[in-house]
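Working notes for the structure below.
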């Protein structure tokens, strides 16, 4: 990873921070895309300390705001000629129905639409790399997901339904992206990190869920263990040229029929373009 530029979303905690530290240790210049200046600053300091690298940069990006994503992508494009790896790691779990700044249901808005826009805005920079890699963190929860006719879940919201929809969207996005990138030097893959003990389901305002995470932590993977497959896809020569695949424990795994449906992937892409203002 020496001399390579890596962007990691949600780099201030959990698997994002673990990936940041490990890829920086391996010589990458890592751009930590974080929503909160305070949490981002603490994570940046911890990453420098634990990686022993000074090739780390903190940049603010709120994946729940299309304006913030556009601003971040513009700054990245100005600073870097090429991006070698985009690790779309950030994710939210909303216990009650919440909306992003642009009015999207928060899990679909952040986990899918935010990364959809960011990736598309950075594609030219990824194509300039010798070997561009896009890595999308999904989840095995996709298996119970479907893309609903009412994707904002105005009617009948529940957390599992929303999260599973967003994780299926990650996979369908990866599939259609890989198809559209055929003939370029850029690959796109997604992964299931396993059951990882992070604070993803903890309510930021009330702290609800924190004690449950603490109780379950001994039975879950650590953030470092959960990040292993993402790091592998970002850095390993073993997956050079591999694209459009779903990985678990560093192995390509078969998807259910919903995850493999090319018509669903195409329809989701076209809908997503309209939602984020990319439709020409």
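Which value, in Å³ per residue, describes the convex hull spanned by the Cα atoms of region 18-130? Walk me through the numbers before you get to the answer.
Details: hull volume 11.4 nm³, N = 113.
Spelled out: Cα convex hull of region 18-130, divided by residues, is 101 Å³.
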query: Taking the mean number of other Cβ atoms within 10 Å as a proxy for protection, how do you rank 8-21, 107-120, 29-42 from highest to lowest?
result: 8-21, 107-120, 29-42
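With the cut-off at 1.5 for a/c, could you classify region 52-187 from its C-alpha gyration tensor as rounded, prolate or oblate?
Working: a/c = 2.15, a/b = 1.57, b/c = 1.37.
Verdict is prolate for region 52-187.
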- prompt: Under the classification rounded if a/c is under 1.5, otherwise prolate if a/b is larger than b/c and oblate if not, where does region 224-266 fall, given a ≥ b ≥ c as square roots of the Cα gyration tensor eigenvalues?
  reply: prolate
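In square nanometres, what is one fourth of the surface area of the convex hull spanned by the alpha carbons of region 1-81? All intermediate terms of the calculation are to be shown ahead of the outcome.
On the way: hull surface 19.3 nm².
Mean orientational projected area (region 1-81, Cα hull): 4.8 nm².
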field: Sequence ranges 79-86, 153-160, 133-140, ranked by mean other-Cβ count within 10 angstrom, highest first
entry: 133-140, 79-86, 153-160
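Could you tell me how many cubic angstrom of Cα convex hull volume region 76-135 has per residue? Kindly include the intermediate steps, with their values, before the conclusion.
Numbers: hull volume 4.7 nm³, N = 60.
In region 76-135, the Cα convex hull volume per residue is 78 Å³.
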query: By how many nm would the segment from residue 77 to residue 185 grow when fully extended, if each residue of separation counts as 0.36 nm and the alpha-carbon distance is taken off?
result: 37.0 nm
- request: Taking 7 Å along the Cα-to-C-beta vector as the label spot, tell me the residue 251-residue 70 distance in nanometres, rounded to one decimal.
  value: 4.5
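When the helices in the chain are scored as -39500 (n - 2.57) per DSSP H run of 4 or longer and the sum is shared across all residues, what 222 nm value do you end up with, to the nearest 500 deg cm²/dmol?
-12500 deg cm²/dmol
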- prompt: Only one of the listed values, (i) -0.37, -0.56, -1.54; (ii) -0.63, -0.80, -1.24; (iii) -0.42, -0.63, -1.44, was derived from the coordinates as log10 I(q)/I(0) by the Debye sum over Cα atoms at q = 0.09, 0.11, 0.17 Å⁻¹; which label is it?
  reply: (i)
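No lab work stands behind these numbers, since they all come straight from the coordinates. Source: prediction; values computed, not measured. Here Cβ is always computed from backbone atoms with ideal geometry, including for glycine, and neighbour counts include all displayed protein chains.
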